[in-house]
Amino acid sequence: MYNIPLFDLNYGKEEEKAVMDTLRTGWISTGPKCEELELLFSSELKVKYALSVSNCTAALHLACLALGLGPGDEVLCPSLTFAATVNAIKYVGAKPVFCDVVGNENFCISCDEIEKNITPNTKAIIVMHFAGFPCDMIRIKSIADKNGLKIIEDACHGPLSEYKGEKLGTIGDIGCFSFFSNKNISTGEGGMLVTNSYDIYSTVKILRSHGMTTMSYERASGHATEYDIKALGYNYRMDDIRASLAIAQIKKLRADFEKRKERRNIYIELLKNCDRICIPFKENTEYVSNYIFPIVLMDSNKGNRDRIRDELAKKGIQTSVHYPAVHKFSIYRDDASILPKTEYISTNEVTLPMYAKLTADDIKYITNALISVI
């Protein structure tokens, strides 16, 4: 066990009450709590439509389907992301085209790389707002509009995070969010898809539940007595138990973000004189989730990075890597890509603990240990 874990749940009596209240209703599958969550989420993000789903991977898959992506299409995407971002492209038979990131100071997809990789077959761009810090959405939208491309925002790291006053996930055509156990909104599994397009909303609503025109809750409520199946859909529904957890979590988000911001500032202050590391997004002024706290080791290599992580583990500090480069995984090796910035980051990045319960003394211990082992 680690003395200081990488992440800690922001759970309390609110989540316990939410689950028990839901259990007592006798309705635990997709129902009134999912509907309540969707309305709350769309209100918080100021977006027209929100649909709860089983996880963010499902949201990404549904997004690709709703935009009509398929065989012969190319989708520009980062490699410095979790594999689900890219796998969703493969699910629909399209080809992922990997783009490098801005650099050690900014882990988001590079706009120059996006422009460089556009071909007549390019149909969409998937951006990933790393750690909740926004991509350059003004330029990305300009590129997309100029070339007739759709934009999917993988905003799994950034619920309520902003870019120039707009919520991440609401700027492109579709936004996708994760409620996995270690995310800002933690429900174990779960996710959300948001859009301002009624056509996309209506398509996704059908596809997430077997292609059915009505769901069990609607029929049980007397709103319908039968259903048709209009498309080859999926079982991508969320359940009311997890939705009740998400509702309780959303109500805590802003207070959680304030604490995370304070902790990030402590890290930056204590590490400001360590020239052996780079702290990405250090100059950010946007309102963000601070989902994780990544650093990059300078003039380093994978062996050195792994040694440092091992030494920190011996001192009771859990760390992680965000992320191994997707284009280096076996399944993607045929999609030849030269991404020097991504490759350097993926072999020299260390994710340090970040959560609201982390104390100033904890951070002082972590940073002293880090400087010592470096």
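The values are calculated or read from the model by the stated rules, or taken from the named source; none is laboratory data. Only a predicted model underlies this, so the values are computations on that prediction, with no experimental measurement involved. Don't worry about glycine lacking a Cβ; one is built from the backbone with ideal geometry, like all the others, and counts go over all protein chains shown.
Per-structure values
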read-out: Candidates Asn284, Asn290, filtered to the one that is touching a residue at least 60 places away in the same chain (Cβ under 8 Å) and buried (at least 19 other Cβ atoms within 10 Å of the Cβ); value: Asn290
read-out: Answer from Ile125, Ile138 - the residue that is hydrophobic (A, V, I, L, M, F, W, C) and within 27 Å of Gly70 (Cβ to Cβ); value: Ile125
read-out: Residue in region 293-309 that is part of a loop (DSSP other than H, G, I, E, B), of a type in the set (Phe, Trp, Tyr) and closer than 30 Å to Leu160 by Cβ present; value: no
read-out: Members of region 144-176 that are on the phi < 0 side of the Ramachandran plot and either surrounded by fewer than 19 Cβ atoms within 10 Å (Cβ to Cβ) or not assigned by TED's automatic domain parsing to the domain that holds Asn55 (or both); value: Asp145, Lys146, Asn147, Glu162, Glu166
read-out: First in region 253-281 and touching a residue at least 24 places away in the same chain (Cβ under 8 Å), second anywhere and assigned to a loop (DSSP other than H, G, I, E, B) and charged (D, E, K, R), Cβ under 7 Å, 6 or more apart; value: Cys278/Glu105; Pro280/Glu105
read-out: Glu105 being within 26 Å of Val296 (Cβ to Cβ), more than 13 Å from the chain's Cα centre (by Cα) and modelled with pLDDT of 95 or more; value: yes
read-out: Residues that are part of a helix (DSSP H, G or I) and polar (S, T, N, Q), drawn from region 1-60; value: Thr22, Thr25, Ser42, Ser43, Thr57
read-out: Meets criteria (without any contact (Cβ under 8 Å) to a residue 24 or more places away in the chain and charged (D, E, K, R)) for Lys116; value: yes
read-out: Matching option when the condition is in contact with a helix residue (DSSP H, G or I) (Cβ under 6 Å, 6 or more places away or on another chain), closer than 15 Å to Asn104 by Cβ and assigned to a helix (DSSP H, G or I), among Thr347, Thr342; value: Thr347
read-out: Test for Met192: is it surrounded by 15 or more Cβ atoms within 10 Å (Cβ to Cβ), closer than 22 Å to Asp21 by Cβ, in the same structural domain as Pro159 (by TED's automatic domain parsing) and not acidic (Asp, Glu); value: yes
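Per-residue answers, yes or no, for (1) among the aromatic types (Phe, Trp, Tyr); (2) more than 18 Å from Val288 (Cβ to Cβ):
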residue	(1), (2)
Leu160	no, no
Lys164	no, no
Gly169	no, no
Gly172	no, no
Phe177	yes, no
Asn184	no, no
Gly188	no, yes
Val194	no, no
Asp199	no, yes
